[in-house]
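Following: one structure in structure tokens, then a few remarks.
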Amino acid sequence: MANPDAQPPGAPVLRIRSLCKTYGSGESAVHALRDISLDVRSGEFVVLLGASGSGKSTLLNILGGLDIPTSGEIEFFEHRLTHATDEELTVYRREHVGFVFQFYNLIPSLTVRENVALVTDIADNPMPVDEALALVALTQRRDHFPSQLSGGEQQRVAIARAIVKRPQLLLCDEPTGALDYATGKMVLEVIANINAGLGTTAIVITHNAAIAGMADRVIRLVDGRIASIETPARRLTPAELSW
């Protein structure tokens, strides 16, 4: 695996060329992605916007090494993911990618600190667990169990778990989808702070068009294709968003 630290700032983290994903075959085939080409730069905050079924989650899963494309090419810092072995994809996910999903997937019998610490056992250069918890403002809740936390707090634990291994990529699949308005904005603030403070490249998928205002670039997907790529004149803070 190529060394990301050797790359210049703003270099493409991901190069995606002519990416296609088809499920099934014949008349029943579902074309989830159609000819996607895109570069994602180091430190960028990208929002993938689209309705349900537009291909957002499929694309995110492929970028995270959870799925493989039917055709096309993906490079992570010049390492060709589309020709990687299962073992190489496992290393890629473990060392370079942090995932945040709509549902938190915390282990109920473990405390906040223990849930985050689990990831440090498989990471090469993890940050101290308490540092990760401080970044998501959960230091005071470190000894609580998931059942003692609000939904927003549980999602912040999930973010701490994702970033404790210092990933180059933070991939977020509808991270506010299960949260109310105020809590969702708090979670977005945490993700924005991670992106800005650590320089972590963040890709957030959502159907909520308002969230696009906080992005460096907005990629709109329609029927598995890139319909548009927009660069907002100014990145909004989560506090400025409304929906």
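Nothing in this text is a laboratory measurement; each read-out follows from the coordinates by a stated rule. This one's a predicted model, so the numbers in the text were calculated from it and none came from an experiment. Every residue, glycine as well, gets a Cβ built from its backbone with ideal geometry; the counts of neighbours run over all protein chains shown.
Assorted remarks:
- Taking the Cα atoms of region 79-128, the ratio Rg/Rh between the radius of gyration and the Kirkwood radius comes to 1.04.
- Whether region 132-243 is rounded, prolate or oblate, judged on the alpha carbon gyration tensor where a/c under 1.5 counts as rounded: prolate
- For region 14-76, the Kirkwood hydrodynamic radius comes to 12.3 Å, computed from all pairs of different C-alpha atoms.
- Nearest 10 degrees, 0 to 90: helix 86-96 Cα axis against the chain principal axis: 50 degrees
- Compared with the dominant Cα axis of the chain, that is its longest principal axis, helix 181-198 is turned about 80°.
- Separation in nanometres of the label points that stand 7 Å from Cα toward Cβ, at residue 79 and residue 52: 3.6 nm
- Among residues other than residue 110 with Cβ under 14 Å from its Cβ, the summed charge is +1 (Lys and Arg +1, Asp and Glu -1).
- Per-residue Cβ neighbour rank within 10 angstrom, fewest leading, 214, 127, 186: 127, 186, 214
- Sorted by Cβ neighbour density within 10 Å, fewest at the top, the residues 181, 104: 181, 104
- Distance from the Cα centroid of region 22-73 to that of region 191-224 is 15 Å (rounded to whole angstrom).
- Three-way shape label, region 93-187, alpha-carbon gyration tensor, a/c 1.5: oblate
- When 80, 93 are sorted by how many other C-beta atoms sit within 10 angstrom of their C-beta, beginning with the fewest, the order is 80, 93.
- Here region 183-218 is scanned for amide nitrogen atoms under 20 Å from the site 7 Å beyond the Cα of residue 11 along Cα-to-Cβ, giving 198-203.
- Interatomic Cα distance distribution for region 44-149, bins of 10 angstrom, percent: 12, 35, 32, 20, 2
- Relative contact order, whole percent, for the chain stands at 25, derived from Cα pairs under 8 Å and 6 or more residues apart.
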